[in-house]
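Presented below is the structure to which this report refers.
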Amino acid sequence: MTILVTGASGAVGRHLVTALLEQGRAVRALSRDPEKASLPAAVEIVAGDLTDTAALGDAVFDGVERAFVFPADGGIDPFVAAAVTAGVKRFVVLSSLAAAKEHPRDEGSVSQLHHTAVEQAVTSRTDAWTILRPGTFANNLLSWAWPIRNDWPIRAPHVQSAQAPIHEADIADAAAVALLHDDWIGQAIPLTGPQSLTRAEQVAAIGAGLGRELRLEEITPAQFRTDVAAFIPESIITMLLDYWHDTRTEPDRVRAGVTELTGRPGRTLEQWARDHHADFAATT
Ligand SMILES: NC(=O)c1ccc[n+]([C@@H]2O[C@H](COP(=O)([O-])OP(=O)(O)OC[C@H]3O[C@@H](n4cnc5c(N)ncnc54)[C@H](OP(=O)(O)O)[C@@H]3O)[C@@H](O)[C@H]2O)c1
């Protein structure tokens, strides 16, 4: 049985490929640029774009029974349709907690609309799905890599708001279990990290992981808008500020999903920082 991993060269997909190979599974990876994908030699890489199904060769789904679906920008509806037609029988979907619409801020947000459409592309075609709905990724905190590398203070608004960032390897481990076992079919599973930490505590946890004391400077939401306007689209800035604003008074709840799927607690933010040591290494 071949397992198709889309998004395989990404943060989650890369760990998922490794987890599946460690379990002796045959893995095929889809990449728009196989030369740059830099995946283990045991992986069969096929070239292709999730959003350009017409250009996908027959080799993509040949012998594939199960697939991990990356929620590509541009939508995955035609891709899932092609996969079902080609005989793929089980789908594990990378979605987002925003799709659960637990909070008024989620309703109509960029992330909710996108991930709801991704989920529907699968759930409208088959009953053999598992949807993983992670909350905020720890990898979002790589936005602090530049000040940390240069020993500048981290500038952040709403430093007393609390989130539960999840390590990308925990999402991958959960996905591997959902792909290989039947117990999770038909479930949409929220996933978070193991601790709800204020942003000030997140800075301290990353510092502990890196073995350095980090400085934090609180800025206003307006200053944050100005700081990032050149790099982040307006709709995403608003989504982030709404999230941090709300989680001042309603901290992210820690979800049991990672532990239920994998049988162990999720990795801490301190561990995540250790695993990303190179991303934060001084630039000297
Ligand atoms: N950040 C968060 O807090 C958060 C929270 C909940 C959910 N999510 C979801 O998680 C996703 C990020 O996951 P990640 O960190 O693993 O992603 P990532 O590191 O950005 O990697 C994404 C990979 O997907 C592949 N890809 C992207 N578009 C593609 C396309 N059109 N066709 C084929 N392959 C494509 C790319 O591979 P190639 O270049 O090799 O093709 C890329 O390496 C977000 O986009 C979002 O949907 C994020």
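Condition first: without any contact (Cβ under 8 Å) to a residue 40 or more places away in the chain and of a type outside the set (Gly, Ala, Ser). Can you find one or more residues in the range 199-210 that meet it? Yes, because at least one residue in the range 199-210 is without any contact (Cβ under 8 Å) to a residue 40 or more places away in the chain and of a type outside the set (Gly, Ala, Ser).
Scanning the range 90-106 for residues that are within 16 Å of the ligand (Cβ to nearest atom) and part of a loop (DSSP other than H, G, I, E, B) returns SER95, SER96, LYS101, GLU102, HIS103, ARG105, ASP106.
Within the range 1-37, the set of residues being within 16 Å of ALA172 (Cβ to Cβ) and hydroxyl-bearing (Ser, Thr, Tyr) comprises THR6, SER9, THR18. From the list ALA200, ALA222, the lone residue that is in a helix (DSSP H, G or I) and surrounded by fewer than 14 Cβ atoms within 10 Å (Cβ to Cβ) is ALA222. The single condition from (1) over 20 Å from the mean Cα position of the chain (by Cα); (2) crowded, with 16+ Cβ neighbours inside 10 Å that SER111 fails is (1). The set of residues from the range 225-247 being part of a loop (DSSP other than H, G, I, E, B) and either β-branched (Val, Ile, Thr) or within 19 Å of GLY108 (Cα to Cα) (or both) comprises ILE232, PRO233.
Taken over the range 159-194, the residue count meeting the criterion of being of a type outside the set (A, V, I, L, M) and under 21 Å from LEU241 (Cα atoms) is 6. Picking from residues in the range 134-144 that are closer than 19 Å to ALA169 by Cα and of a type in the set (A, V, I, L, M, F, W, C), the one that is surrounded by the most Cβ atoms within 10 Å (Cβ to Cβ) is ALA138. For VAL254, state whether it is crowded, with 16+ Cβ neighbours inside 10 Å, hydrophobic (A, V, I, L, M, F, W, C) and assigned to a helix (DSSP H, G or I). No. Checking the structure you have, find out if any residue of the range 267-284 is closer than 19 Å to ARG105 by Cα and hydroxyl-bearing (Ser, Thr, Tyr). There is no residue in the range 267-284 that is closer than 19 Å to ARG105 by Cα and hydroxyl-bearing (Ser, Thr, Tyr). Of all the listed residues (ARG105, ARG149, ARG125), the sole one being among the charged types (D, E, K, R) and crowded, with 18+ Cβ neighbours inside 10 Å is ARG105.
Note on the range 147-177: among residues that are assigned to a helix (DSSP H, G or I) and charged (D, E, K, R), the one that is nearest to the chain's Cα centre (by Cα) is GLU168. Quick check: anything in the range 168-185 touching a Gly at 6+ places or on another chain (Cβ under 7 Å) and farther than 22 Å from VAL12 by Cα? Looking through the range 168-185, none of the residues is touching a Gly at 6+ places or on another chain (Cβ under 7 Å) and farther than 22 Å from VAL12 by Cα.
When restricted to residues that are touching a helix residue (DSSP H, G or I) at 6+ places or on another chain (Cβ under 8 Å) and under 24 Å from ARG199 (Cβ atoms), the range 116-142 contains 9.
None of the figures in this text is laboratory data; all of them are computed from the coordinates on show. Everything numeric here is computed off the predicted structure, so don't read it as measured data. Heads up, the Cβs are rebuilt from the backbone with ideal geometry, glycines too, and the neighbour counts pull from every protein chain shown.
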